[in-house]
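What follows is a short report on a single structure.
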Amino acid sequence: MTSVYLITDFGIEDYYVGAMKGVIRTLCPKVNLIDISHGVRKFNIKHGAFVLWQAHRWVERGSIILGVVDPGVGTARDPIIVKAGPFTFVGPDNGLFWPVVQEMGEYEVFKIDIRGTGLAERRTGTFDGRDVFAPVSAMLACGKSPDDLGFKKRSMEVLDLWKVEEGDGYLRGEVLNVDSFGNVVTNVKWDMIDTEEIQVIAPHSWARAVKSTHYGGKGLLMVRGSTNLLELSLARGNASEFLGVDVGDRIELRWR
Amino acid sequence: MTSVYLITDFGIEDYYVGAMKGVIRTLCPKVNLIDISHGVRKFNIKHGAFVLWQAHRWVERGSIILGVVDPGVGTARDPIIVKAGPFTFVGPDNGLFWPVVQEMGEYEVFKIDIRGTGLAERRTGTFDGRDVFAPVSAMLACGKSPDDLGFKKRSMEVLDLWKVEEGDGYLRGEVLNVDSFGNVVTNVKWDMIDTEEIQVIAPHSWARAVKSTHYGGKGLLMVRGSTNLLELSLARGNASEFLGVDVGDRIELRWR
Amino acid sequence: MTSVYLITDFGIEDYYVGAMKGVIRTLCPKVNLIDISHGVRKFNIKHGAFVLWQAHRWVERGSIILGVVDPGVGTARDPIIVKAGPFTFVGPDNGLFWPVVQEMGEYEVFKIDIRGTGLAERRTGTFDGRDVFAPVSAMLACGKSPDDLGFKKRSMEVLDLWKVEEGDGYLRGEVLNVDSFGNVVTNVKWDMIDTEEIQVIAPHSWARAVKSTHYGGKGLLMVRGSTNLLELSLARGNASEFLGVDVGDRIELRWR
């Protein structure tokens with residue numbers, strides 16, 4: 001049976017995630033539901049796009065990925081289905097899926113059209129996760145094709161996570177995540193760093209960091225993170241607090 | 001196979017929810033487990049009752065709803081099973097289930113009697129969620145009837161979420177939830193508001209709010225929430241902090 | 001089908017837990033996944049060991065318990081499989097599993113050897129939960145034996161939760177958990193307390209506590225917790241804040 005993987009910025013305190021799961025199971029009772037995260041930073045599409053990108057290599061092939069980080073709910077952004085690689089994505093067309101789709105090469109995008117599905121009558125306009133994306137995911141999981149639920153559109157919103165400025169002896173990138181351990185995950189690919197020691201220049205601080213093969217060294221460490229990106233880490237401490245940086249901050253790495 | 005939907009104030013840091021799930025799966029291995037929320041405000045029966053009310057329309061028909069917000073555990077409140085509409089509720093008799101049951105019309109209440117089930121010997125008195133409500137839910141999911149696990153009682157605790165005072169040019173209601181986005185969910189039904197602009201009078205502040213069809217406008221907004229209640233929302237901001245209100249606060253709406 | 005129970009200190013905001021679940025389901029699609037907790041205090045092996053000990057009596061017999069609290073990831077600590085009682089444990093050899101294994105009597109330990117499994121090539125060194133422990137758990141759930149995935153070792157790390165100093169009229173123990181209600185769970189077995197009233201001496205405060213059969217009394221209460229340990233509780237209040245104690249603090253109980 002198909003699995004549906006969920007990623008949202010809804011948190012888990014409210015009834016929102018439970019309602020989406022109830023909708024899915026009502027329409028497709030045998031589906032498997034797996035949470036990627038509901039802790040995406042509120043309204044932060046880029047953060048959601050990155051968490052999803054981090055996870056995607058470990059999502060079962062053939063799965064549906066239901067992603068809802070949707071500051072534009074109720075406005076003109078399109079609800080979409082995207083077929084790309086082994087996955088089917090369902091959610092708002094705002095860039096959330098782009099970093100994964102980009103890696104898949106070929107893709108097809110469908111604008112969801114819920115007329116004739118019985119969903120339009122019950123749509124409240126403030127919770128498309130429950131009213132559109134969850135039921136569409138369920139219908140896809142239980143055998144409908146994207147053609148049944150929408151019509152093809154030519155393109156989708158793009159969102160580039162990988163802008164890094166390379167200069168003579170420096171790189172300028174961005175903090176894409178601060179994980180719950182305080183590790184600072186950057187958009188700098190590990191292979192771009194060929195020095196054992198760097199100067200880290202954050203908006204309000206700077207520090208020296210040395211390469212480490214694990215999180216167990218001393219001082220600020222450069223670690224090859226679990227998705228091959230440069231992470232800044234403080235052994236059993238919180239590198240994010242130490243550097244005073246958060247998601248979205250620019251960060252400069254200097255070795256000369 | 002039957003699903004069991006869980007709602008508690010246990011949080012997810014401790015072993016409590018895991019233990020309840022282990023108990024259920026031990027007694028009824030094929031059951032499906034769906035979390036509505038474990039983030040109900042501690043000991044706040046009214047908050048739990050409201051979160052459950054919000055969710056119930058999206059719970060699979062035929063499901064068991066296991067609800068544990070139970071400040072009176074170890075005291076005299078009854079453990080109950082309630083059959084109402086398409087649902088079976090299991091939990092303490094303290095009003096938690098009333099707002100949903102009220103909407104179902106007919107209902108039957110059973111006081112749980114665990115003598116003869118093997119459960120009485122292992123009951124600790126401080127964790128009925130694990131020792132009583134989880135195993136009873138599992139037994140119901142795997143075919144027992146309420147008559148096997150208790151005896152009928154005449155009535156159950158009621159809890160009224162919907163008290164709103166209507167006057168000439170004003171309404172006085174209550175904040176039933178502040179969601180993780182900071183949206184202030186009131187007990188005022190959307191249809192009760194037939195003006196485009198109101199004055200919101202909170203215990204420690206007041207503000208003007210205008211109607212919006214989505215969360216994307218400017219300033220404080222009146223939004224028809226996802227369960228047809230009036231929500232106060234601040235576009236990409238936190239309305240709860242802006243107004244200084246929290247769950248349980250009274251709120252007055254004035255349009256003259 | 002076998003269930004895998006997960007306990008980690010990963011939190012649920014990041015992609016970590018989702019990736020582990022995706023790996024498991026990819027390798028063994030029919031497995032059931034149950035979360036015990038992902039809220040173990042960061043890097044706190046003892047806290048994780050205790051939360052797991054609290055839960056284990058309610059875990060389905062025959063299950064695999066995947067535990068990752070692993071400050072030493074990337075260093076020399078062994079990855080292990082432990083067979084003990086009705087359970088199979090998978091995780092780092094750092095004491096995390098010992099308190100449960102200790103209660104099972106006989107046990108067998110295997111050092112995981114991933115050569116020949118295809119896993120070694122993809123191991124990043126910073127996320128063994130995803131790269132080693134999750135796939136090994138999946139392979140065990142789908143029929144592999146520990147002999148297929150490692151070789152026997154003689155012993156495993158021990159970790160003693162139960163050190164209590166008993167003197168004339170006093171006990172000195174430790175705070176093993178503060179739950180999300182603020183209840184202070186000690187390592188003092190309930191049966192060790194045969195007085196109705198004690199003096200609680202914490203590092204920075206002291207208070208009188210009286211026995212109660214439930215959480216509903218007045219003032220600081222001694223309660224028989226849900227795993228038969230002494231809990232200090234404040235009726236509808238937060239005993240941890242009241243006493244100023246946290247996980248790992250020493251606590252003295254005096255009755256003379």
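Helix-only arithmetic for the protein assembly as shown: the sum of -39500 (n - 2.57) across DSSP H runs with n ≥ 4, divided by the residue total, places the mean residue ellipticity at 222 nm at -5000 deg cm²/dmol. Per the Debye formula on identical point scatterers at the alpha carbon atoms of the protein assembly as shown, with no solvent, log10 I(q)/I(0) at q = 0.11 Å⁻¹ is -1.39.
Excluding C:P99 itself, calculate the net charge of residues whose Cβ lies under 11 Å from the Cβ of C:P99, where each Lys or Arg counts +1 and each Asp or Glu counts -1.
On the way: positive: C:K46; negative: C:E103, C:D160.
Neighbourhood net charge equals -1.
Structure shown: which of C:K189/C:K218; A:K42/A:K83; C:K42/C:K163; A:K42/A:K152; A:K189/A:K211; A:K218/C:K42 lie over 20 Å apart, alpha-carbon to alpha-carbon? Please report the intermediate quantities before stating the final value.
Details: C:K189/C:K218 23 Å; A:K42/A:K83 26 Å; C:K42/C:K163 23 Å; A:K42/A:K152 30 Å; A:K189/A:K211 14 Å; A:K218/C:K42 18 Å.
Too far apart for the 20 Å limit: C:K189/C:K218; A:K42/A:K83; C:K42/C:K163; A:K42/A:K152.
Carbon-plus-sulfur fraction of the accessible area of the stretch B:3-153, 1.4 Å probe, in percent?
Numbers: 2340 of 4840 Å².
That fraction is 48 percent.
Local charge for B:G217 was computed over the other residues whose Cβ lies under 11 Å away, with Lys and Arg +1 and Asp and Glu -1, and equals +3.
The C-A contact accounts for roughly 2400 square angstrom of buried accessible surface, both chains included, probe 1.4 angstrom. Ranked from largest, the principal axis spans of the Cα set of the stretch A:165-254 equal 33, 25, 23 Å. The residue among C:C28, B:V40, A:F110 whose Cα reaches farthest toward the positive pole of the charge dipole of the protein assembly as shown, with charges on the beta-carbon of Lys, Arg, Asp and Glu, is C:C28.
Taken one residue at a time, the phi angles of the stretch A:166-175 give Karplus couplings (6.51, -1.76, 1.60, θ = phi - 60°) of 9, x, 7, x, 8, 10, 10, x, 9, 7 Hz. Gly and Pro are set to x.
Take the Cα gyration tensor of the stretch B:31-79, multiply each eigenvalue by 5, square-root it, and list the three semi-axes largest first, rounded to whole angstrom. Intermediate values should be presented prior to the final figure.
Working: eigenvalues 88, 37, 18 Å².
So the three semi-axes of the stretch B:31-79 are 21, 14, 10 Å.
The rotation axis that maps chain A onto chain C passes nearest to the beta carbon of this chain A residue, listed with its distance in whole angstrom: A:I12, 4.
C:C142 to A:E103: FRET efficiency via 1/(1 + (r/R0)^6), r the Cβ-Cβ distance, R0 30 Å, to the nearest 0.05? Calculated transfer efficiency: 0.60.
Suppose every K and R has +1 on its Cβ and every D and E has -1 on its Cβ; what is the size of the dipole of the protein assembly as shown about the Cα centre, in Debye to the nearest 20? Walk me through the intermediate numbers first.
Working: 90 positive and 99 negative charges, 202 e Å.
Using only the charged Cβ atoms, the result is roughly 980 debye.
The string of couplings for the stretch C:223-239 from the Karplus curve (6.51, -1.76, 1.60, θ = phi - 60°) is 10, 6, x, 6, 10, 6, 10, 5, 10, 9, 9, 10, 3, 6, x, 10, 5 Hz, one whole number per residue in order, with x for Gly and Pro. Tally Lys and Arg at +1 and Asp and Glu at -1 over the other residues with C-beta under 13 Å from the C-beta of C:I45: what net charge comes out? Once all neighbours under 13 Å are counted, the net charge is 0.
Between this copy and the others, label points of C:G248 are 3.3, 3.3 nm apart in ascending order, each placed 7 angstrom from Cα in the Cβ direction. Taking a point 7 Å out from the Cα of A:W162 in the direction of its Cβ, the residues of the stretch A:53-73 whose backbone N falls within less than 14 Å of it are A:53-54.
Across identical copies of the chain, B:D78 has label-point separations of 5.7, 5.7 nm, listed in ascending order, with the point defined 7 angstrom from Cα along Cα→Cβ.
Where does chain C land on the Kirkwood hydrodynamic radius, alpha-carbon pairs, in angstrom? Write out the running numbers ahead of the final one.
Working: mean 1/r = 0.0515 Å⁻¹.
When all Cα pairs of chain C are included, the Kirkwood radius is 19.4 Å.
Counting only Cα atoms, the size of the stretch C:6-93 along its three principal axes is 31, 29, 24 Å, in decreasing order. When nucleic acids and ligands are ignored and a 1.4 Å probe is applied, C:I45 ends up with an accessible area of around 40 Å².
Normalised by the empirical 2.2 N^0.38 Å for globular proteins, what value does the Cα Rg of the stretch C:3-153 take? Write out the running numbers ahead of the final one.
Values: Rg = 13.7 Å, N = 151, 2.2 N^0.38 = 14.8 Å.
Normalised Cα radius of gyration, the stretch C:3-153: 0.93.
In this assembly of identical copies, the label point of C:K189 (Cα plus 7 Å along Cα-to-Cβ) is separated from its counterparts by 5.9, 5.9 nm, sorted shortest first. When nucleic acids and ligands are ignored and a 1.4 Å probe is applied, A:T124 ends up with an accessible area of around 20 Å². Looking at chain B, the DSSP beta bridges with both ends there are about 75 percent antiparallel. Can you tell me, using C-alpha contacts under 8 Å and at least 6 residues apart, the relative contact order of chain B as a whole percent? About 16 percent, as a whole number. Could you work out how far helix C:45-56 tilts from the main Cα principal axis of chain C, as a 0 to 90 degree angle to the nearest 10? Its long axis makes an angle of about 90 degrees. Taking the accessible area of the stretch B:165-254, probe 1.4 Å, and keeping the other protein chains in place, the carbon and sulfur fraction comes to 44%.
The values are calculated or read from the model by the stated rules, or taken from the named source; none is laboratory data. Given the structure is predicted, the values throughout are model-derived calculations rather than measurements. Note: ideal-geometry Cβ built from the backbone for every residue, glycine included; neighbour counts use all protein chains shown. Quick note on the areas: whole protein, heavy atoms, side chains included, nothing else; ligands and nucleic acids left out. Shrake-Rupley method; radii C 1.70, N 1.55, O 1.52, S 1.80 Å.
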